[in-house]
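The values are calculated or read from the model by the stated rules, or taken from the named source; none is laboratory data. Keep in mind that this is a model prediction, so the values were computed, not measured. Cβ atoms come from the backbone with ideal geometry, glycine included; neighbour counts cover every protein chain shown. The area values use the complete protein model at the heavy-atom level, side chains included, leaving out ligands, DNA and RNA. Shrake-Rupley method; radii C 1.70, N 1.55, O 1.52, S 1.80 Å.
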Amino acid sequence: MESYHDEEWGLPVLDERGLFERMSLEAFQSGLSWRNILKKRDAFRAAFAGFDPDAVVQFADADRRTTARRC
């Protein structure tokens, strides 16, 4: 939590992948603690192809079902 706060939180995100990651984590955080989200960050990264929006947009139905189960 401390490293996230000191090194990421509140800093501008200027690249597409970083913005997609921040938006995704924020969306999953709704109603949950940041501690839980940050613990699962590696699982989110795996589920969302390293937060590569170009890869995610190409997901087929089977990919989306797999992603939903991972998160």
Quiz item: Pick from the stretch 53-71 the residues that are in a helix (DSSP H, G or I) and among the β-branched types (Val, Ile, Thr): which of them is least open to solvent (accessible area, probe 1.4 Å)?
Solution: THR67
Self-check item: Every residue from the stretch 1-16 that is open to solvent by 90 Å² or more (accessible area, probe 1.4 Å) and without any contact (Cβ under 8 Å) to a residue 12 or more places away in the chain
Solution: GLU2, HIS5, ASP6, GLU7, TRP9, PRO12, LEU14
Exercise. Search the stretch 26-39 for residues being within 18 Å of GLY50 (Cα to Cα) and open to solvent by 80 Å² or more (accessible area, probe 1.4 Å), and hand back the single one that is modelled with the lowest pLDDT.
Key: GLU26
Quiz prompt | Pair list, Cβ < 9 Å and 6+ apart or interchain, from the stretch 39-53 residues that are free of Cβ contacts under 8 Å to residues at least 24 places away in the same chain to residues that are surrounded by fewer than 16 Cβ atoms within 10 Å (Cβ to Cβ) and outside any helix (DSSP H, G or I) | solution = ALA49/GLN58; ALA49/PHE59
Self-check item: Residue count, the stretch 1-35 (criterion: aromatic (Phe, Trp, Tyr) and within 19 Å of THR67 (Cβ to Cβ))
Solution: 2
Quiz prompt | Identity of the residue in the stretch 27-52, touching a Lys or Arg at 6+ places or on another chain (Cβ under 7 Å) and part of a helix (DSSP H, G or I), that ends up farthest from GLU2 (Cα to Cα) | solution = ALA47
Quiz item: Can you spot a residue in the stretch 17-25 that is modelled with pLDDT of 90 or more, acidic (Asp, Glu) and either touching a helix residue (DSSP H, G or I) at 6+ places or on another chain (Cβ under 9 Å) or open to solvent by less than 60 Å² (accessible area, probe 1.4 Å) (or both)?
Solution: yes
Exercise. Filter the stretch 2-19 for residues that are charged (D, E, K, R) and in a helix (DSSP H, G or I) and give the result.
Key: GLU2, ASP6, GLU7, GLU16, ARG17
